[in-house]
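A quick write-up on the structure given underneath.
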Amino acid sequence: MKYIIVDLEATCWPLKDHKNKNEIIEIGAVCINEERQTESRFSEFVKPVLNPRLSEFCIGLTTITQKDIDAADTFDQVVARFKSWIGLEEDYVLCSWGFYDRSQFASDCHLHHLDTKWLEHHISLKHQYAVIKKLGRPIGMGQALRMENLKLLGTHHRGIDDAVNISRIFVKHFDHWDFG
């Protein structure tokens, strides 16, 4: 079994604006094996098609620049490489900090008329962590890192850095996750 710890960044604006649809702009992931070791990492920017100009808010939050996005491939191309990196013919489970990442993947797949069957094996580490720690409610990744006495590595709201940080929590509690 491979455990794919994934974190996405997406287009965003300072206020909820229902006319603007979020699109993935970064896929960051870490592959953890059954021995709790990092096998490899995946990190690519994605060029959005509906709103190709990033908002200043989005640039400030993620540190992803317009230049990064302009040089990137579109979702259909990047997700094909991501799925190849995962190796869908092998047993895997997608793990993210909440259900947002799975939902955003599904949304972008629908936008690009792509299959979503590969998203079926997914768990929310955020919700399971709350149960494991008896917190009563899910908490953010940053707060979980502090609870675990783990220093934030890299830049928060960068897909690959958040995936690396989430993978550290994942490995620490490896025996407690329910992959049902």
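Within the set 133, 67, 83, the sole residue that is on the phi < 0 side of the Ramachandran plot and within 16 Å of the chain's Cα centre (by Cα) turns out to be 83. The condition of being closer than 19 Å to residue 157 by Cβ and of a type outside the set (Ser, Thr, Tyr) holds for only one of 44, 89, that being 44.
Looking only at region 151-168, which residues are among the basic types (Lys, Arg) and either touching a strand residue (DSSP E or B) at 6+ places or on another chain (Cβ under 6 Å) or not in a loop (DSSP other than H, G, I, E, B) (or both)?
Once the filter is applied, which keeps residues that are among the basic types (Lys, Arg) and either touching a strand residue (DSSP E or B) at 6+ places or on another chain (Cβ under 6 Å) or not in a loop (DSSP other than H, G, I, E, B) (or both), region 151-168 yields only 168.
Of the residues in region 155-163, none is closer than 15 Å to residue 41 by Cα, of a type in the set (Val, Ile, Thr) and in contact with a Phe, Trp or Tyr (Cβ under 7 Å, 6 or more places away or on another chain).
Name the residue, out of 88, 61, 94, that is within 29 Å of residue 169 (Cα to Cα), out of contact with any strand residue (DSSP E or B) (no Cβ under 9 Å at 6 or more places or on another chain) and not hydroxyl-bearing (Ser, Thr, Tyr).
Values: 61 fails: out of contact with any strand residue (DSSP E or B) (no Cβ under 9 Å at 6 or more places or on another chain); 94 fails: out of contact with any strand residue (DSSP E or B) (no Cβ under 9 Å at 6 or more places or on another chain).
That would be 88, the only listed residue that is within 29 Å of residue 169 (Cα to Cα), out of contact with any strand residue (DSSP E or B) (no Cβ under 9 Å at 6 or more places or on another chain) and not hydroxyl-bearing (Ser, Thr, Tyr).
Taken as a whole, region 135-145 holds at least one residue that is surrounded by fewer than 15 Cβ atoms within 10 Å (Cβ to Cβ) and in contact with a Leu (Cβ under 9 Å, 6 or more places away or on another chain). Quick check on residue 114: is it over 20 Å from residue 179 (Cβ atoms), touching a Lys or Arg at 6+ places or on another chain (Cβ under 6 Å), not in a helix (DSSP H, G or I) and not basic (Lys, Arg)? The answer is no for residue 114. Candidates in region 69-97 are the residues that are touching a residue at least 40 places away in the same chain (Cβ under 8 Å) and acidic (Asp, Glu); of these, the one that is surrounded by the fewest Cβ atoms within 10 Å (Cβ to Cβ) is 90.
All of the numbers you see were taken from the coordinates with simple rules; none came from a lab. As the structure is a prediction and not an experimental result, all values here were calculated from the model. So basically every Cβ, Gly included, is an ideal-geometry build from the backbone, and we count neighbours across all protein chains shown.
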